[in-house]
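All of the numbers you see were taken from the coordinates with simple rules; none came from a lab. Predicted, not measured: the structure shown is a model, and the values here were computed from it. We place every Cβ from the backbone using ideal geometry, glycine too, and count neighbours over all the protein chains shown.
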Amino acid sequence: MANKNKSFLSFLENLAEEIQVESEKKGKIQNPFSEVKKSPRKKSLIGYLNDLLENMESDFGSYQSQSKPDIEAQRRLKSDLRTKHAEKFKKPEEGDTAALKRLKEAEQKEKTDKIREEMAKEKNRKRLKDAIIMAEILGPPVSKRR
């Protein structure tokens, strides 16, 4: 078990050195992880990791700041797609706003057409149900002997 802890500690130290070299290449100078204070009472792996966390200065909100450009890219992509689809409805003498207006009108017309079709189907279903009920009422009586 002690060999595993030592090998893992050496792995962490090697990893810290690699991170330091990479950060120096990028021009960012961070606190090196190899300078973690090694107290005599904390020679275990857990103690080493606790010391590492105490000496590490990092911004945990950096993940949130990295996600913001993705949102902006998505917004740009959506607007590009909207203008691309608006070009289908664009006439040569029209501008972009008129084409977008025609696109919105076409989308609204599709929605209203779907609603009208559904209402017509519902009305036909109701008529069919009413016709079935009337046929049962007005139909010839069924004899009980059959």
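Annotations for the structure displayed:
- Long pairs among 78/109; 101/121; 84/109; 84/104; 6/26, criterion Cα-Cα beyond 25 Å: 101/121; 6/26
- Linear extension gain, residue 102 paired with residue 134, 0.36 nm per residue minus alpha-carbon span: 6.8 nm
- Spacing of the two label points (7 Å from each Cα toward its C-beta) at residue 8 and residue 126, in nm: 7.1 nm
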